[in-house]
Amino acid sequence: MGKLNTNSNAYIIIYSTVLVVIVAFLLAFVFQALKPMQDANVLLDKKKQILNSLNLRDLDDQTAEATYKETVKEQKTADGKIYYLCNVKGETKYVFPLKGMGLWGGISGFIALNEDGNTVYGAYFNHEGETAGLGAEIKDSRAWQEKFIGKKVFDEQGNVILSVQKKVDNPESQVDVVTGATLTSNGVSDMLRDGLGAYKDFLTTKEE
């Protein structure tokens, strides 16, 4: 029997193919093994974001799970879109998910409204790829998010007037932009208009 030629093209191709198959199998195995944990972490992060919008922040994992279970009473739909029926200190709150685009990538968030459907109780925004210290401030600046508290969402005609503006003319419904991040701030404004506008019928009539 001839000696195996480890320098031949056929050997190199076969060896490389076997190695790739083994690595691919190991990666798939690790991915499947870790997926339940990853999914649980993603779900927990979402729960924390919802709680942040209800001004229930800085909770450890165990406390967040317990608080979410106590606070978020039901996931419901209005016009085919999800919202969360919540109770905070005996008061009904509605939390709505939002999605939009910033300067460098997607932005998202949750906004909580009082039972009147027209007054902001709290807000939390997130981002996928905004510049640190600029557009990322929509996520990192709690003080900026808290500026939304108490703002009005709709005018008397049912138009969404809650917005982010470079020049605030109506402090009842407008929040000033993040310094140095006008385009991302505009993205937040568009996200509020489109996202909350989708719940207009529910919020302006309060029929469930």
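Laboratory data are not the source of any read-out in this text; all were calculated from the coordinates shown. Everything numeric here is computed off the predicted structure, so don't read it as measured data. Neighbour counts run over all protein chains shown; Cβ positions are idealised from the backbone, glycine included.
A few comments on the model shown:
- Residues with amide H under 5 Å from that of Tyr83, placed H, sequence gap 5 or more: Lys76, Thr77, Ala78
- Computed on the range 65-152, the Cα convex hull volume stands at 120 Å³ per residue.
- The alpha carbon centroids of the range 26-75 and the range 165-208 are separated by 27 Å.
- Extreme residue, positive dipole direction of the chain, given options Gly102, Val23, Thr119 (C-beta unit charges): Val23
- Links that overshoot a 26 Å alpha carbon limit, given the list Lys47/Lys200; Lys46/Lys89; Lys89/Lys166; Lys93/Lys167: Lys89/Lys166; Lys93/Lys167
- Hz values of 3J(HN,Hα) by residue in the range 40-54 - Karplus curve (6.51, -1.76, 1.60), Gly and Pro given as x: 5, 5, 5, 5, 5, 4, 4, 4, 5, 5, 4, 5, 4, 5, 9
- The relative contact order of the range 1-104, computed from alpha carbon pairs under 8 Å that lie at least 6 residues apart in sequence, is 13 percent.
- Cross-link partners of Lys139 among aspartates and glutamates, defined as those whose alpha carbon lies under 13 angstrom from its own and excluding same-chain residues fewer than eight positions apart: Glu128, Glu130.
- Taking 0.36 nm per residue of sequence separation and removing the Cα-Cα distance, the Asn159/Val42 pair yields an extension gain of 38.8 nm.
- For the range 59-208: rounded, prolate or oblate by the Cα gyration tensor [a/c cutoff 1.5]: oblate
- Note on the range 142-208: along the principal axes its Cα atoms extend 40, 22, 19 Å, ordered by decreasing extent.
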